[in-house]
Amino acid sequence: MKVLIIEDEEAAARRLQKLIKEIDPSIEVASQLDSIESVLNWLDDNKLPDLVFMDIHLADGSSFEIFQHVKVEKPVIFTTAYDQYAIQAFKVNSVDYLLKPLKKAELEQAIQKYYKWHEKSSVDYNELARAIQGDQYNKRFLIRIGQSIRVVEMKDAAYFYTENKITFIITKEGKRYPLDQSLEKLEEILDPQAFFRINRQFIVGIDAIREMYAYSKSRVKVALNPPCEMETIVSTERSPHFKKWLTGEEEV
């Protein structure tokens, strides 16, 4: 069996490798990675091994952001110093959830659980990521441009739109970046009190609305900041909800 270790604390990673070898010398560590960026780069050239050991908090963000960029279909054993995520994790059937400092007996039990369950496991790890994040909406985006990776904070997002089947984020500074997510997916991870989908093509942030104008058929035309060359008009069916959203009356 091959395993992948995702852990940004070198001492913790060394201890985990040592314990794994003591428990089962036949287990091979495919790689030890310490950040979201290193995981994404590694997965460009490698397939996920049989089992993943994953810390939740990494130096460049939550490891659950990995699930937004790659499809993880292998079992995961979570290793973390934080116990507040345990209940949500078990609700969606994670293989195991181990608290640091790791204990050999608990790690061995988790590995044995993997051996018993991996053939019939049907864990939805994207659902797990959403459950563990709880009521906290996505805080940042990882954007890949060629071989480089850029992080854009949610607080810096002005609005989102699609063009030629590509989704873009426009920052408050007026910079444009492509995203992997569709507008439908963005609606699931954006704070509905701060962002509203005005039509099939646009999701706008409340802070990006500069001016609004009455338009035909009870619609609303929106002027955005940073400016947008395309027309941004709230669709007829969304206009009543948009007006309630502006005043905070729309249920979210």
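A quick yes/no check of all residues on (1) more than 20 Å from Phe168 (Cβ to Cβ); (2) of a type in the set (A, V, I, L, M); (3) under 27 Å from the mean Cα position of the chain (by Cα):
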position	(1), (2), (3)
Val204	no, yes, yes
Ile209	no, yes, yes
Ser218	yes, no, no
Val222	no, yes, no
Asn225	no, no, yes
Met230	no, yes, no
Ser239	yes, no, no
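Going through the stretch 195-208 one residue at a time, which ones are surrounded by 15 or more Cβ atoms within 10 Å (Cβ to Cβ) and over 17 Å from Arg176 (Cα atoms)?
Within the stretch 195-208, the first condition is being surrounded by 15 or more Cβ atoms within 10 Å (Cβ to Cβ), and the residues that meet it are 195-199, 201-205, 208.
Residues satisfying the conditions are Phe195, Phe196, Arg197, Ile198, Asn199.
Scan the stretch 60-98 for residues that are at pLDDT below 80 and on the phi > 0 side of the Ramachandran plot and jot them down.
Asn93
Looking only at the stretch 139-150, decide whether some residue is under 21 Å from Phe53 (Cα atoms) and modelled with pLDDT under 90. Walk me through how you get there before you give the answer.
Quick first cut of the stretch 139-150, residues under 21 Å from Phe53 (Cα atoms) only: none.
Checked the stretch 139-150: no residue is under 21 Å from Phe53 (Cα atoms) and modelled with pLDDT under 90.
Quick one: what pairs do we get from the stretch 168-195, first residue under 20 Å from Pro226 (Cα atoms) and assigned by TED's automatic domain parsing to the domain that holds Glu153, second hydroxyl-bearing (Ser, Thr, Tyr) and exposed (fewer than 13 other Cβ atoms within 10 Å of the Cβ), C-beta under 8 Å, 6+ apart or different chains?
none
Scan the stretch 44-66 and give yes if some residue there is hydroxyl-bearing (Ser, Thr, Tyr), surrounded by fewer than 17 Cβ atoms within 10 Å (Cβ to Cβ) and either touching a strand residue (DSSP E or B) at 6+ places or on another chain (Cβ under 8 Å) or assigned to a helix (DSSP H, G or I) (or both), otherwise no. Steps first, answer last, please.
Residues of the stretch 44-66 hydroxyl-bearing (Ser, Thr, Tyr): 62-63.
Still in the list and also surrounded by fewer than 17 Cβ atoms within 10 Å (Cβ to Cβ): none.
Checked against the condition, which is being hydroxyl-bearing (Ser, Thr, Tyr), surrounded by fewer than 17 Cβ atoms within 10 Å (Cβ to Cβ) and either touching a strand residue (DSSP E or B) at 6+ places or on another chain (Cβ under 8 Å) or assigned to a helix (DSSP H, G or I) (or both), the stretch 44-66 yields no hits at all.
The values are calculated or read from the model by the stated rules, or taken from the named source; none is laboratory data. What you see is a predicted model; the values in this text were computed from it and never measured. For neighbour counting, all protein chains shown are included, and Cβ atoms are generated from backbone atoms with ideal geometry for every residue, glycine included.
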